[in-house]
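Undergrad: Structure in structure tokens, see below.
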Amino acid sequence: MPTNLYGAVWRTFFRRPLIFSSLTLLFLVLVSLLAGLFTSCTTLPENSQLYQCNQVTHVRHGMDFHPPLSLTTGDTTSWNWEEIAEGISYTSYTANRAPLRWHLVSIDLHRPNLVPLAYPTAQHMDSQGRFNGKTTYQLLQETELQDSQLLVTVNATPFKTPLTGLSPKRQITGLYIHQGQLLSPPLSRYSAICFTRHNGSLAATIISDQTQYPPETELALGGFFTILKEGEIQDFPACSLDSRTALGITKDERYILILYIEGEKQKESLGLTYEETALILQAAGAWNALQMDGGGSAALSIKGKEITGKKHRRGANILGFAQTFSLNID
């Protein structure tokens with residue numbers, strides 16, 4: 001290369017800091033994008049080293065988030081339940097002083113007009129189990145069913161995604177069974193909720209080891225850990241406050257309780273710990289409960305209500321409940 005060309009390069013790039021810094025930034029962005037094609041990040045539970053905290057903040061150790069009296073007594077009759085549809089009820093709680101806001105949905109699985117649905121199906125997945133993620137709001141608005149209406153959607157299992165976060169592709173981490181077909185393998189260290197049918201009625205159970213799912217399982221979604229077991233709140237070393245999604249089951253396995261705790265906008269709601277989450281579900285009547293994917297993935301959408309909102313992180317698999325209706329043909 002001629003000497004004068006070297007000089008031109010030097011004068012153009014290295015003696016002009018703005019151009020040099022801009023090119024350096026562009027180079028780093030390109031490197032990160034390329035790295036995202038070959039690496040991925042995974043949503044993690046809070047007992048990992050990434051989430052250890054030094055200050056105990058949960059309810060039983062003195063945190064006051066001002067729950068209503070009925071929260072500690074278990075009297076859910078004063079929780080101001082609102083009927084969304086036959087067999088589906090909703091309530092919420094806001095404490096401005098804490099601050100804290102959570103939402104709770106109760107679903108009667110014995111109602112023949114209510115059916116659980118889930119996204120994705122096998123048709124949405126490629127050969128490596130990857131699929132385009134959706135938000136709960138997006139799924140609620142886009143799903144068109146011929147003889148039923150989707151009323152409730154909630155995020156479920158942890159997932160892997162490209163490191164850059166620019167790709168909509170998701171890959172489930174843990175158990176996922178859809179229409180009796182195993183679409184994602186189980187992980188023994190995590191829990192799951194399994195739906196089966198007994199004598200024509202739908203029932204739900206929570207298992208602490210995903211590999212132990214019943215052979216007759218129609219639908220199963222993995223989460224993280226069991227936070228309430230046979231009525232007892234489980235202890236966890238992590239104590240950070242965050243957004244939460246948790247599912248609880250009553251002792252008779254008839255009712256499923258969906259709890260969504262806000263925590264992304266901490267000026268509006270701080271979020272809660274695993275144990276605080278279990279306390280609410282215990283008071284609501286849950287016998288067993290598990291923590292689903294939380295943090296920025298936590299989301300709940302209900303037909304006709306603004307809860308999580310339109311702008312939210314694309315999740316992986318989503319659990320939904322639809323109300324069926326008979327078609328009258330004259």
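The values are calculated or read from the model by the stated rules, or taken from the named source; none is laboratory data. Computed from a prediction, not measured in an experiment: that's the story for all the values here. FYI the Cβ positions are ideal-geometry reconstructions off the backbone, even for glycines, and counts take in every protein chain you see. For accessibility, only protein heavy atoms count, side chains too; no ligands or nucleic acids. Shrake-Rupley method; radii C 1.70, N 1.55, O 1.52, S 1.80 Å.
Undergrad: Add +1 for every Lys or Arg and -1 for every Asp or Glu among the other residues with Cβ under 10 Å from the Cβ of W287, and state the total. Intermediate results must be reported in sequence, preceding the final value.
TA: Details: positive: K229, K251; negative: E230, E232, D252, E253.
Neighbourhood net charge equals -2.
Undergrad: Using a 1.4 Å probe on the protein chains only, how many percent of the accessible area of segment 147-213 belongs to carbon and sulfur?
TA: Working: 1260 of 2780 Å².
Summing carbon and sulfur atoms, their accessible area is 46 percent of the total for segment 147-213.
Undergrad: Moving on to the next point. For C239, list long-range residues whose amide hydrogen, built 1.01 Å from N in the peptide plane, is under 5 Å from its own amide hydrogen.
TA: Counting only residues 5 or more places away or on other chains, the set is C53.
Undergrad: Out of the total accessible area of segment 223-328 (probe 1.4 Å, heavy atoms of protein only), what percent is carbon and sulfur?
TA: Carbon and sulfur together cover 44 percent of it.
Undergrad: Now for a separate question. For the pairs K229/K303; K160/K251; K134/K303; K160/K305; K134/K160, flag any whose C-alpha to C-alpha distance is greater than 21 Å.
TA: As for pairs spanning more than 21 Å Cα to Cα, those are K229/K303; K160/K251; K160/K305.
Undergrad: For segment 156-235 and segment 258-276, what is the separation of their C-alpha centers, rounded to whole Å?
TA: Going from one Cα centre to the other spans 22 Å.
Undergrad: With a 1.4 Å probe and all protein chains left in place, how much accessible area per residue does segment 126-275 have, in Å²?
TA: So segment 126-275 comes to 44 Å² accessible per residue, rounded to a whole number.
Undergrad: What are the ³J(HN,Hα) couplings of segment 138-153, residue after residue, when phi is run through the Karplus curve with 6.51, -1.76, 1.60 and θ = phi - 60°? Round to Hz, x for glycine and proline.
TA: 4, 5, 4, 7, 8, 6, 10, 10, 6, 10, 7, 10, 6, 10, 9, 9
Undergrad: For F159, which sequence-distant residues (separation of 5 or more, or a different chain) have an amide H within less than 5 Å of its own amide H, given hydrogens modelled in the peptide plane?
TA: T43, T173
Undergrad: So what J values fall out for segment 201-208 if you push phi through Karplus, 6.51 cos²θ - 1.76 cosθ + 1.60 with θ = phi - 60°, rounded to Hz, Gly and Pro as x?
TA: 9, 7, 9, 10, 10, 10, 10, 7
Undergrad: While we're here: Would segment 107-205 count as rounded, prolate or oblate if I go by the C-alpha gyration tensor, calling it rounded below 1.5 in a/c and otherwise prolate when a/b exceeds b/c, oblate otherwise?
TA: Oblate, because a/c is 1.5 or more while a/b does not exceed b/c.
Undergrad: Hey, what do the phi angles of segment 266-280 turn into as Karplus ³J(HN,Hα) couplings, whole Hz, using 6.51/-1.76/1.60 and θ = phi - 60°, x for Gly and Pro?
TA: Residue by residue, segment 266-280 yields 6, 6, 9, 7, 6, x, 9, 8, 4, 5, 5, 4, 5, 4, 5 Hz.
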